[in-house]
Amino acid sequence: MDRGQSLIIPPLFNGTNYAYWKVRMRSFLQSLDKKVWQVVEIGWTKPKEAPSDWDDAKIKAVKFNSRALNALFSTVTNEEFKKISFTETAKEAWTILQTTYEGTQAVKDSKLQRLTTIFEEIKMEEDESFNEFYAKLEDIVNSAFNLGETIPKPKIVRKVLRSLPKRFHAKITVIKESKGH
């Protein structure tokens, strides 16, 4: 079975296609345990007292962090591992990869603004097939989602209907009439 298709082996990240890996990895970590994902998303702080003084809750928390950190370490190539090998928490490792490949919040906001402009301006060309157009639109929607912005389905449908060339006008009219618009 291909490593990328396994249900028990997390997806490998080699420094390319971070958005794809991030979604798959988040899903993998959630499948291990919701608390494994929580230590990545929210974080975990190592208790100040000696490990011998930890109660059961602190022991469980360190185990969730260890599982998440181990999963992250085992899903990256040697080159990517160098970037996160010194971390003690899964959140720290995740944040380093996220910042490296998505940028800071300011960079993400800038990317989202650019995607919003592209989304607003995209139109289907006369010589373009519907599938080609929709693939471009879907790429924009997925890129926005990977940056934390969900474009609602009704907005996507309205965009498609507004963006089709004249040869689709009869079909658009039928669709709008069937929906009572």
Residues located in the stretch 122-146, provided they are surrounded by 15 or more Cβ atoms within 10 Å (Cβ to Cβ), outside any loop (DSSP other than H, G, I, E, B) and of a type in the set (A, V, I, L, M): Leu137, Ile140, Val141, Ala144
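Would you point out the residue of the stretch 51-67, among those that are exposed (fewer than 14 other Cβ atoms within 10 Å of the Cβ) and either β-branched (Val, Ile, Thr) or assigned to a helix (DSSP H, G or I) (or both), that is nearest to the chain's Cα centre (by Cα)?
Filtering the stretch 51-67 for residues that are exposed (fewer than 14 other Cβ atoms within 10 Å of the Cβ) and either β-branched (Val, Ile, Thr) or assigned to a helix (DSSP H, G or I) (or both), the one nearest to the chain's Cα centre (by Cα) comes out as Lys60.
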Neighbours by Cβ (under 7 Å, 6+ apart or cross-chain): first from the stretch 38-53, touching a residue at least 40 places away in the same chain (Cβ under 8 Å); second surrounded by 10 or more Cβ atoms within 10 Å (Cβ to Cβ) and assigned to a loop (DSSP other than H, G, I, E, B): Gly43/Thr89; Trp44/Thr89; Lys46/Glu88
Those residues of the stretch 16-42 which are acidic (Asp, Glu) and assigned to a helix (DSSP H, G or I), in sequence order: Glu41
Candidates Phe168, Phe119, filtered to the one that is surrounded by 14 or more Cβ atoms within 10 Å (Cβ to Cβ), part of a helix (DSSP H, G or I) and modelled with pLDDT of 90 or more: Phe119
Test: residue in the stretch 99-106 that is in a helix (DSSP H, G or I), of a type outside the set (Gly, Ala, Ser), in contact with a Phe, Trp or Tyr (Cβ under 9 Å, 6 or more places away or on another chain) and modelled with pLDDT of 95 or more: no
Test set (1) in a helix (DSSP H, G or I); (2) at pLDDT below 90; (3) closer than 18 Å to Arg162 by Cβ - Asp109 fails condition number: (3)
Among (1) modelled with pLDDT under 95; (2) surrounded by 14 or more Cβ atoms within 10 Å (Cβ to Cβ) - the single one Ile8 does not satisfy: (2)
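The values are calculated or read from the model by the stated rules, or taken from the named source; none is laboratory data. No experiment lies behind these values; they were computed from the predicted model shown. Positions of Cβ are generated from backbone atoms using ideal geometry, with glycine treated the same way; all protein chains shown enter the neighbour counts.
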